[in-house]
Amino acid sequence: MDTTQYLDVFIDESNEHIEMLYRKLLELEKNPNEKAIIEEIFRSAHTLKGMSATMGYNDLATLTHTLENVFDAIRYDQVQVQSEMIDLLVETVDHLNTMVENIASGGDGSHNITKVANQLQMIEQGKLLVGADTRFEQVEELDNTISTFTNIDEFELSILNESQERGFQNYDITIQLREDCLLKGARVFMVFEVLEQLGEVIKSDPPVSDLEEENFDFTFSVILISNQNAKEIEGKIKKVSEIDSVNVNPFSVKKYRESKENNSSIKENTESNSNNNEEHKNKEQQEPAKNQHKTIRVNIEKLDVLMNLFEELIIDRGRLEQISSDLKNADLQDTVERMARVSSDLQNIILTMRMVPIDHVFNRFPRMVRKLARDLQKQVDIEIIGADTELDRTVIDEIGDPIVHLLRNAIDHGIETPEERLQKGKLEKGTIKLKAYHSGNHVFIEIEDDGAGINKEKVLSKAIKNGLLTERESDALTEQQIYELIMASGFSTADKISDISGRGVGLDVVKNTIESLGGSISIDSELNKGSIFSVQLPLTLTIISVLLVELNKEKYAIPLSSIIETAIVSSEQIHSAHHKKVIDFRGKVVPLVNLKDVFGIPNTKVDEEYTSIVIVKKGEKMAALVVDSFIGQQEIVLKSLGSYLSNTFAISGATILGDGQVALIIDSNAIIK
């Protein structure tokens, strides 16, 4: 059956099952007796086995079949889940992932699975030992029973079985000739002469006829019955010239039969899946296009071009709305309103095409955190919040490495060892929270740990020693500025250099990468309590909904996604606290920020009885922005101010309005910060 048409679907679904296996194995480590998790892992392994067998990827099918057997034994309480077991199971999924990646890149998915398959068989048989050395010693013993032969018939197996009963040894021997060997057939003949003196050859691979005609590369194998030991056999074969290597392994009839049964069950599953696929195909032909989800791959550059064209359409739409309002023509107004509705739907589709859940980046972090924590002999839990937060694809592709750096930094510098945590009165296991959320036209990603925090004195001392600042300059720094020193190039507070930290490379790279995306990073910390690294990234949504406001006859735009509500307050509702004006907003004290003061706009208005305000929010913090008047809601195209004006405070861009005027877009997050 031609399966090439199903390859893309196979790769996508295989990746989904592998991600499921990774995620559920980490959950199983925390809840080893949770039957629901065990069942889900079994189902994923079973499905992946059936798919790979159907597609003809035998190594992938064999390894998933062995993994399935392990979880079959676990779910029927024949094997108990142990922490040592999880490492091997995660390693097994790593092998599966490697094979799927090989298939995706055009390979055949072949992989050396003998060792890991034998280890899984040990788990299935309840032979997993806590000590690594004894475990691998048994694995090696099992390795020797794996045969390269796939076509030994029952008559030959009965001879081998009888030889064992009579006290003879059965050997699986693999001989590798040197690649510069000129007369391969002659060397094979000489090897067979030696073997006939040592015992009886039952089988060869390739067959003898192919060996005589030199129809093989440089490797061949034989099954030998002998009363000699393995070392003697190996030594005598090596006396033949132009032989590169000889491997002599015991051959087990029992293991061979078990291996054949496993392959048989996979083959049956293949035929079953093939039949199912044929039935499914016939059904699809009878009911064409009823439930088919057809997808196409689109280059991101084409989406950029589409977005640019749509931006021009939005500007023209705004101009038409202005003209229809001035002319007050009913037909024109109806047409413009319909155009606005259609373009709004089109806008949502275009933006959705570019948006990807941040989970695509987050889903690989739990296993990375687990592995690094074990390497550092620490106990760390990771908690992920807001993985369904969506971000533009171009930003998603870039933020993976910076977050990896921040997580590694949190585990290495932040979380203490279990002993240190107990001395400080903390739980042995540290926690890292990875949180993503929208605020305005930005996405915030926070990496929070409950570790040691940042030692300000140590940071200042190292900064002065490295010549980053003088002692006089250090006295004027705020806490935030001190924390930001750790992101200077070449700066490190690590006492010793390791593979993970101490080389002064990391946070400066993180900062540069995030700033290159138009984002920023801030740090908050408390000694012995923990640290929070907050990354602010633009959504790169070039078309946003805003509230247009007026300040001294100049128009400004505030993104609707930042706004909680608008209000008009009387002078009696405005109070003073710590020499600042505040208002009481639903029981919360919210600071009053006059935008004219922020942007240096002359205040031509005298104190009035009523004040127009816009309540904006960033995370848990709020502010009330004072404006002259509200103009109304509008969709605008966000335009960059260019490199010369990139550092303008609290302005994220500009837009061209329908009447040709330019309005600046206010970054309320910067004002709250």
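Place the peptides 40-48, 422-430, 310-318 in order of packing, highest mean first, counting for every residue the other Cβ atoms within 10 Å and averaging per peptide.
40-48, 310-318, 422-430
Past 22 Å, Cα to Cα, is the threshold; run Lys581/Lys605; Lys555/Lys580; Lys435/Lys511; Lys184/Lys254; Lys429/Lys618 against it and keep the listed order.
Lys555/Lys580; Lys184/Lys254; Lys429/Lys618
If I take the Cα coordinates of region 358-538 and project them onto the principal axes, what are the three extents in Å, biggest first?
Dimensions of region 358-538 along the principal axes of its Cα atoms: 44, 37, 27 Å.
Excluding Ile464 itself, what net charge comes from residues whose Cβ is under 13 Å from its Cβ, given Lys and Arg +1 and Asp and Glu -1?
In short, +1.
Provide Rg and Dmax in Å for region 543-672, with only Cα atoms included in the calculation.
14.7, 44
Please sort 171-182, 76-87 by packing, taking for each peptide the average over its residues of neighbouring beta carbons within 10 angstrom, highest first.
Output ranking for 171-182, 76-87: 171-182, 76-87.
Relative contact order of region 358-538, please, whole-number percent, based on alpha carbon pairs below 8 angstrom and at least 6 residues apart. Don't skip to the answer; put the middle values down first.
On the way: 299 pairs, mean separation 42.1, N = 181.
The value is 23 percent.
Could you tell me the largest-minus-smallest coordinate of the C-alpha atoms of region 389-444 on each of the three principal axes, in descending order and whole angstroms?
Principal extents (Cα only, largest first): 44, 21, 12 Å.
Output the Cα-based Rg and Dmax of region 300-356 in Å, rounding Rg to one decimal and Dmax to a whole number.
Just the Cα atoms of region 300-356 yield Rg and Dmax of 13.5, 43 Å.
Taking 0.36 nm per residue of sequence separation and subtracting the Cα-Cα distance, how much length would be gained by fully extending the chain between Val305 and Asn31, in nm to one decimal?
The Val305-Asn31 span can extend by a further 93.7 nm.
Mean separation of Cα pairs under 8 Å and 6+ residues apart, divided by the residue count of region 154-225: what relative contact order is that in percent?
45
For a footprinting-style exposure proxy, rank Phe71, Phe220, Phe189 by other Cβ within 10 Å, fewest first.
Phe189, Phe220, Phe71
Can you put Val662, Val626, Val100 in order, fewest other beta carbons within 10 Å first?
Fewest-to-most Cβ neighbours within 10 Å comes out as Val662, Val626, Val100.
Counting other C-beta atoms within 10 Å, which of His360, His575 has the fewest, and how do the rest follow?
Least crowded to most crowded, the residues run His575, His360.
Taken together, the values in this text are just the output of simple stated rules run on the coordinates, not laboratory data. Everything numeric in this text was worked out from a predicted model, so none of it was measured. Reconstructed Cβ throughout: ideal geometry from the backbone, glycine too, with neighbour counts over all protein chains shown.
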